[in-house]
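Below: the structure, in structure tokens.
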Amino acid sequence: MASTTFHIKPETSAERREYYQRLQQKHAAPLWEVLGDLIPAQPRPTASPALWRYQEMRALLLEAGKLITPQEAERRVLILENPAMPGTSLITQSVYAGLQLVDPGETTPTHRHVTSAIRFVIECEKGYTAVDGERTTMHPGDFVLTPSWTYHDHGNPGDTPVIWLDGLDIPIVNLLGTSFAERYSGEFQPVTRKEGDAEARYSEGLLPLDYTSSRLASPVFNYTYARSREALDRLYRNGPLDECHGIKMQYANPATGGYPMPTIGAFLQLLPSGFRGAAYRSTDAAVYCVAEGSGRSKIGDADFDWRKNDVFVVPSWCPVSHQAEGEAVLFSFSDRPVQKALGLWREEAPV
Ligand code: 1HN
């Protein structure tokens, strides 16, 4: 049977090598020397599987709280940099992740940028995010959006630290050369709508009579954990359980049924007590945060034990299987909407 191997690099003779050198002087190169690297036969992610222990990162983040103010830092964030991608500030080739601290009494300056952000809230009693003139008080497990080019700032009027996981589409925006960013002209954007306005208008399975979808991002900007968690519970009671994912749901834009933002998709999954998932892989590398419980995931050949609030990363096309000790809940996000919109996304299950 004929082989389907894509490309085998030809031998290099002295004659060819001399020719390649002359090409180089003219800023040209032979495709056949690099084709296998340019077009890998399957994804070859530069990211490797990795896990960040929340208790370690939290201690380091609280130290940053004593070293620098949000006014000086703009955002007090520890970047979670993939160990296989030093110097890139990235957790995968297409997404950025970090852990942000807002200490009691602090606020962050209002700004906006083309890059879109998501937050997954880890610790928060009274902290808020304001987006486009509306504040939302955040609670652990809430999934919060900062759509492209919306003014946003954060504050912590409470007396305990506020910490969340940030996810941004920075590499996608920069790949396309489309980044803009600016501060708000005053210190803070004005609050122009009552807290809960977006939730009342868009989160109840109803929409305002005159609603037309004016932006690509969801009009809901806080998907509260209370509601998402309840949905998982109800679905678990109804079944069935997916052999790879347990009960896994994706966050949706209620006005379109699509992803919450054009570049970032997010997911919440319940792993029942003692769940042992089958291996699965997809082309969208994913960043996970443990919302509840503890367990273990096999990512490629590596095993990672995880506990509440730990963050781990699954590279593109890398098989992953999850096991839960007691009942566990995992949040995750990825660039899936981009891949799907461009017809690039693939999955395989079980692997
Ligand atoms: C940003 O604006 C925030 O608004 C967090 O909280 C992290 C990382 C890179 C660029 C902008 C925020 C960020 C960021």
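Okay, here's what the table says:
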item	result
Dipole of the range 239-351, positive end: most advanced residue of ALA278, LEU241, ALA252 [Cβ charges, Cα centre]	ALA252
Neighbour cut-off at most 16 other Cβ (10 Å), DSSP loop, trypsin sites (Lys or Arg not before Pro), the range 31-112	ARG53, ARG75
Cα point-scatterer Debye curve for the range 18-175, base-10 log of I(q)/I(0) at q = 0.08, 0.10, 0.11, 0.21 Å⁻¹	-0.33, -0.47, -0.54, -1.44
Lys, Arg +1 and Asp, Glu -1 on Cβ, resulting dipole of the chain about Cα centre, debye, nearest 20	640 debye
Rounded to whole Å, sorted largest first: equivalent-ellipsoid semi-axes of the range 1-99, Cα gyration tensor	45, 19, 10
For the range 42-149, with +1 on Lys and Arg beta carbons and -1 on Asp and Glu, the positive-most of VAL95, GLY133, ALA73 along the dipole	VAL95
Segment LEU31-LYS340, length gained on full extension (0.36 nm per residue, minus Cα span)	108.4 nm
Nearest 10 degrees, 0 to 90: helix 54-67 Cα axis against the chain principal axis	70 degrees
Kirkwood-based Rg to Rh ratio, the chain, C-alpha trace	1.02
Interatomic Cα distance distribution for the range 187-283, bins of 5 angstrom, percent	2, 10, 18, 19, 17, 14, 9, 5, 3, 2, 0
Residue-by-residue Karplus 3J(HN,Hα) for the range 37-50, coefficients 6.51, -1.76, 1.60, Hz, glycine and proline x	7, 5, 10, x, 5, 8, x, 10, x, 7, 6, 10, x, 7
Amide H within-cut-off set for ASN253, under 5 Å, with H built and near neighbours excluded	GLY258, TYR259
Residue order, fewest to most surrounding Cβ atoms within 10 angstrom, among TYR151, TYR236	TYR236, TYR151
The chain, relative contact order [Cα under 8 Å, separation at least 6], %	16 percent
Percentage, to the nearest whole number, of Cα pairs in the range 146-234 over 17 Å apart	68 percent
Alpha-carbon centroids, the range 1-28 and the range 227-243: separation in whole Å	55 Å
Approximate shape of the range 291-351 as ellipsoid semi-axes (Cα gyration tensor, √5λ), whole Å, largest first	24, 14, 10
Pair-distance profile P(r), taking every C-alpha pair of the range 83-171, with 10 angstrom steps and integer %	18, 48, 28, 6
Unit charges on C-beta of K, R, D, E only; dipole of the range 1-85, Debye	80 debye
Translational diffusion coefficient (Stokes-Einstein; Kirkwood radius from C-alpha pairs) of the range 137-176 at 25 °C, 0.890 mPa s, in µm²/s	193 µm²/s
Fraction of alpha-carbon pairs over 11 Å apart in the range 223-267 - percent	71 percent
Choice from TYR211, TYR96, TYR20 with maximal GNM fluctuation in the chain (Cα, 10 Å cutoff)	TYR20
Fewest-first ranking of TRP164, TRP149, using other Cβ atoms within 10 Å as the exposure measure	TRP149, TRP164
Sorted by Cβ neighbour density within 10 Å, fewest at the top, the residues ILE68, ILE170, ILE122	ILE68, ILE170, ILE122
Given charges at beta-carbon only (K, R positive; D, E negative), |dipole| of the range 248-351 in Debye	180 debye
Cross-link partners of LYS340 among lysines (Cα-Cα below 28 Å; sequence separation of 8 or more within a chain)	LYS248, LYS298
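Coordinate-derived values only; no laboratory data. All of these numbers come straight from a predicted model, not from anything done at the bench. Positions of Cβ are backbone-derived with ideal geometry, glycine not excepted, and every protein chain shown enters the neighbour counts.
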